[in-house]
1. For segment 88-117, give me each residue that is more than 19 Å from T72 (Cα to Cα) and basic (K, R).
2. Output the residue which, of all residues in segment 21-50 that are within 16 Å of R111 (Cβ to Cβ) and in contact with a Leu (Cβ under 7 Å, 6 or more places away or on another chain), is surrounded by the fewest Cβ atoms within 10 Å (Cβ to Cβ).
3. Check A36, A17 and return the single one that is modelled with pLDDT of 95 or more, aliphatic (A, V, I, L, M) and out of contact with any helix residue (DSSP H, G or I) (no Cβ under 8 Å at 6 or more places or on another chain).
4. Restricting to segment 193-220, name every residue that is aliphatic (A, V, I, L, M), surrounded by 15 or more Cβ atoms within 10 Å (Cβ to Cβ) and either in contact (Cβ under 8 Å) with a residue 60 or more places away in the chain or assigned to a loop (DSSP other than H, G, I, E, B) (or both).
5. Quick one: how many residues across segment 17-63 are part of a helix (DSSP H, G or I) and touching a residue at least 60 places away in the same chain (Cβ under 8 Å)?
6. Against the conditions (1) at pLDDT 95 or above; (2) under 14 Å from A30 (Cα atoms), where does K92 fall short? Just the number, please.
7. Out of E107, E144, I need the residue that is in the same structural domain as T79 (by TED's automatic domain parsing) and acidic (D, E). Which one?
8. Identify, by number, the condition in (1) touching a Leu at 6+ places or on another chain (Cβ under 9 Å); (2) free of Cβ contacts under 8 Å to residues at least 12 places away in the same chain that E7 doesn't meet.
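The values are calculated or read from the model by the stated rules, or taken from the named source; none is laboratory data. Computed from a predicted structure; not experimentally measured. For neighbour counting, all protein chains shown are included, and Cβ atoms are generated from backbone atoms with ideal geometry for every residue, glycine included.
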Amino acid sequence: MRILLVEDDPDLGPAIAKALRGENCAVDIATNGIDAAHLGDTEIYDAAVLDLGLPDREGVSVLKSWRDSGRTLPVLILTARDSWSDKVAGFKAGADDYMTKPFRVEELVMRLRAIVRRAAGHAASRIDCGPLSFDSQTGQFELEGFPLRLTALEWRVLSALMLSRETVIERLTLLERVYEGDADNDSNSLEVIVGRLRKKIGATLIETVRGRGYRLTAGNA
């Protein structure tokens, strides 16, 4: 998952980003409302974690602008504002979930995974594709019932393919969902990751669609 984290606290923001990266997420940080609005409009993210009290522009205004422009990325509001009126305003603006500070990082991760899974059209936390299964709440992959050991980049690629199983994901889209905004990446690096995944899960599950991208398919596995 690639997450847009919008948090202006100079200590809390990096701490949340570190925790999310520890859960295999790629994280871009925006520390004010103007940058947040721009990144949400121009980059591809699986979800956004959005504070409300931001410099330059309020979080609710940022969220409303995303929704007004047709941006459908899942948004979890994370804020110290715990009044009922703030929660109502957040959900009316288009929030998918709302958490108040202080909070547990473990809960934040679980809620993020849940809204990403639902946005991809999956009601159940367990997703299967042939011999491969993915518990979207724990983040664990299994192949024929045995846990898979994956690097962070492998996990990001495979989780993106799993959430969109039987659907082609274009190379550029996959790259943008795997790497952070300042990373130096290219299609060759993606091919290397896919090659490593095929060695771990079998060559037939990930299909290369020439000129487009990749598809995870039960196929003839």
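1. Within segment 88-117, K101, R104 meet the criteria.
2. By that ranking, first place goes to V27.
3. Criteria check complete, one pass: A17.
4. I201, L205, L216
5. Qualifying residue count, segment 17-63: 4.
6. Single failed check for K92: (2).
7. E107 is the lone residue from the list that is in the same structural domain as T79 (by TED's automatic domain parsing) and acidic (D, E).
8. Every condition holds for E7 apart from (2).
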